[in-house]
Amino acid sequence: MASDPSDPQRSDPPRAPIVAPIDSSGGPYAILIVDDEEGIRESLELTLGDDYRVFTARNAQEGLEILEREPIALVIADQVLPGMTGVEFLEKVIERRPTAIRMMLTGYADVASIVRAVNEGRIYRYIPKPWEPEELRVNVRRALESYSLATENASLAAALRDANERLRQENLYLRREVERRYAFENLIGSSPAILRVFEVMEKVAQTDATVLLTGETGTGKDLVARAIHYAGARKNARFVAQNCGALPDTLLESELFGHKRGAFTGAHEDKKGLFELAHGGTIFLDEIGETNPGMQVRLLRVLQDGEIRPLGASDVRKVNVRVIAATNRDLRKMVQDGGFREDLYYRLRVVEIGIPPLRERREDIPALAHHFLEDAIARMGRQIKGFTNAAMDRLVAHQWSGNVRELENEIERIVALAGDADTINVDMLSEHVRGRPAQDESPDSAETESSDMTAAVDDLKRKLIRQALEDTGSKSKAAERLGIPRQSLQKMMKRLGMKDAGAD
Ligand SMILES: Nc1ncnc2c1ncn2[C@@H]1O[C@H](COP(=O)(O)OP(=O)(O)OP(=O)(O)O)[C@@H](O)[C@H]1O
Ligand SMILES: [Mg+2]
């Protein structure tokens, strides 16, 4: 410590004016001087008093009291104080005001202890007695400049921390939003039948109960399974899906439960099964009705004991996986016919959600059709505004044996072939959807082969007309709302056997 490399005398030009730094509130910094010798206190005050607010204390106790009261930025303490060493005192300063800069006055060179204190970061600098006033002023100024930088950094760091935290929260929120969307917003529908499904889904998502999804092909079992997973507590773990009808027995077993190397021809490596990969998450067993008796026993064991045994392994492993199974077959009937284990059936259908076929919730068709239209337009970059009423009528009336998937494919096909048409009309529908040409105004339309379609359309029309009349209170306004001339509405109501509530 004999020479100080940052000696200000070397870098500052001689007699450079010393501009004292000011604190963040614009006032002078507060400095605390602790020394039991009055002469020292006075002379330090004299050196620094013009530029700073100087507080003096005779001993550690007084010093600490001032520290409690005043926003002290820098402390100068004597190396030896009554009843306490300067180092001990500065330790207490660190406890109370860790950012304050600490300097120590030293009259004799107990160099070792001071060097240690400086090196440990407890003292910013020591001031040998007697000191050169100009040098002291420069040292104090430098110290306070670094103090202000440090506090500025600290507040910047705090602001950064805050911003990061806000961002994290926002991300969390956005992710939840996306998940929620993934969970439920992909699911279109407002018919009572589908709303009942949503309601059960929401409830069951909050549990670990095994779920059996039943429904014809294309009704949305896949979508519902995912939604249940992403709406529940397991959403941060994996959702894995396996179609049980897609693989030969051994491969399916190895896919689900894994295998040891050499378990069968072609098993060159140990492999983890989906049940292990989905640990903590959800496994979706699609087409569960296609499983053979051996597989059914193994599935029963997982559901009962939470245990799996990889092919060729001697040990069993515990897994924590939620099971959602799906089938478009009539499992109950399969149980009766001996094609499916009864015990497994009951284990699977702790909660059964039957997704109704689309033809039993035709109210959902317009919204679904528009949803798929928007989707296809976005993908294919077309300019289609919507459907003609007649085209929508046909869509609503169609049987949709392939359910939502068939509707989705139909819209996709139409958009792909639409060219520069701006509205989808009946002619653009596939032939089987188009059925017979629309014969709304022909009296014998109810006797056509598609009589149930026509009846469904008629029902829907009645509903829409009734609603429009109720909402608008007048026939001309209702006609306007429905987008048809008033006379057509009149005619239609007559044909539909609707009571004419009187002229308007
Ligand atoms: N309520 C719905 N809202 C929006 N899209 C739906 C809805 N239901 C089904 N879909 C869409 O219809 C298509 C078929 O659905 P999904 O694959 O879930 O049917 P599935 O019941 O699993 O059929 P399968 O028995 O043939 O496997 C998917 O593209 C899906 O996104
Ligand atoms: Mg499916």
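The values are calculated or read from the model by the stated rules, or taken from the named source; none is laboratory data. Please read these numbers as outputs of a predicted model, since none were measured by experiment. With ideal geometry, Cβ positions are generated from the backbone for all residues, glycine too; neighbour counts draw on all protein chains shown. Remember, those area values only see protein heavy atoms, side chains included, never the ligands or the DNA or RNA. Shrake-Rupley method; radii C 1.70, N 1.55, O 1.52, S 1.80 Å.
Of the residues screened, Thr210 is not one that is under 34 Å from the mean Cα position of the chain (by Cα), of a type in the set (Ser, Thr, Tyr), within 16 Å of ligand 1 (Cβ to nearest atom) and open to solvent by 10 Å² or more (accessible area, probe 1.4 Å). Against the conditions (1) more than 16 Å from ligand 1 (Cβ to nearest atom); (2) closer than 14 Å to Arg322 by Cβ, Leu285 satisfies every one except (1).
Residues are listed down the side, and each one gets a yes or a no for (1) over 55 Å from the mean Cα position of the chain (by Cα); (2) modelled with pLDDT of 85 or more:
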{"residue": "Pro14", "(1), (2)": "yes, no"}
{"residue": "Ser24", "(1), (2)": "no, no"}
{"residue": "Asp36", "(1), (2)": "yes, yes"}
{"residue": "Arg58", "(1), (2)": "yes, yes"}
{"residue": "Gln61", "(1), (2)": "no, yes"}
{"residue": "Ala77", "(1), (2)": "no, yes"}
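With respect to being assigned to a helix (DSSP H, G or I), open to solvent by 10 Å² or more (accessible area, probe 1.4 Å) and over 27 Å from Ala154 (Cβ atoms), Ile40 fits the description. Filtering Arg349, Arg329 for residues that are assigned by TED's automatic domain parsing to the domain that holds Leu195 and more than 16 Å from ligand 1 (Cβ to nearest atom) leaves a single hit, Arg349. Scanning the stretch 377-405 for residues that are under 14 Å from Glu431 (Cα atoms) and either open to solvent by 40 Å² or more (accessible area, probe 1.4 Å) or among the aliphatic types (A, V, I, L, M) (or both), which turns out farthest from ligand 2 (Cβ to nearest atom)? Within the stretch 377-405, the match that is farthest from ligand 2 (Cβ to nearest atom) is Ala391. Against the test of being assigned by TED's automatic domain parsing to the domain that holds Asn409, modelled with pLDDT under 85 and loosely packed, with under 14 Cβ neighbours inside 10 Å, the options Glu431, Glu449 yield a single qualifying residue, Glu449.
Does Arg379 qualify as being within 21 Å of Asp458 (Cβ to Cβ) and charged (D, E, K, R)? So Arg379 does not fit the description; no.
Figure legend. Inter-residue proximity from the stretch 390-404: first residues assigned by TED's automatic domain parsing to the domain that holds Glu431, second residues among the acidic types (Asp, Glu) and within 16 Å of ligand 2 (Cβ to nearest atom), beta-carbon distance below 7 Å, spacing 6+ or different chains. Indicated pairs: Trp400/Glu406; Asn403/Glu216. Applying the criterion of at least 2 residues that are at pLDDT below 90 and not assigned by TED's automatic domain parsing to the domain that holds Val351 to the helices (runs of 4 or more DSSP H) found wholly in the stretch 96-213 leaves 111-119, 133-180.
Applying the criterion of being open to solvent by less than 10 Å² (accessible area, probe 1.4 Å) and in a loop (DSSP other than H, G, I, E, B) to the residues of the stretch 321-362, the residue that is farthest from Asn403 (Cα to Cα) is Phe340. The set of residues from the stretch 246-258 being surrounded by fewer than 19 Cβ atoms within 10 Å (Cβ to Cβ), in contact (Cβ under 8 Å) with a residue 12 or more places away in the chain and more than 16 Å from ligand 2 (Cβ to nearest atom) comprises Asp249, Thr250. Among the residues making up the stretch 403-423, those that are within 37 Å of the chain's Cα centre (by Cα) and over 19 Å from Glu363 (Cβ atoms) are Asn409, Glu412, Arg413, Ile414, Val415, Ala416. Only residues that are surrounded by fewer than 17 Cβ atoms within 10 Å (Cβ to Cβ), within 16 Å of ligand 2 (Cβ to nearest atom) and under 20 Å from the mean Cα position of the chain (by Cα) were counted across the stretch 224-245, and they come to 0.
Residues that are in a loop (DSSP other than H, G, I, E, B) and among the basic types (Lys, Arg) were ranked within the stretch 259-293; the one that is farthest from ligand 2 (Cβ to nearest atom) is Arg261.
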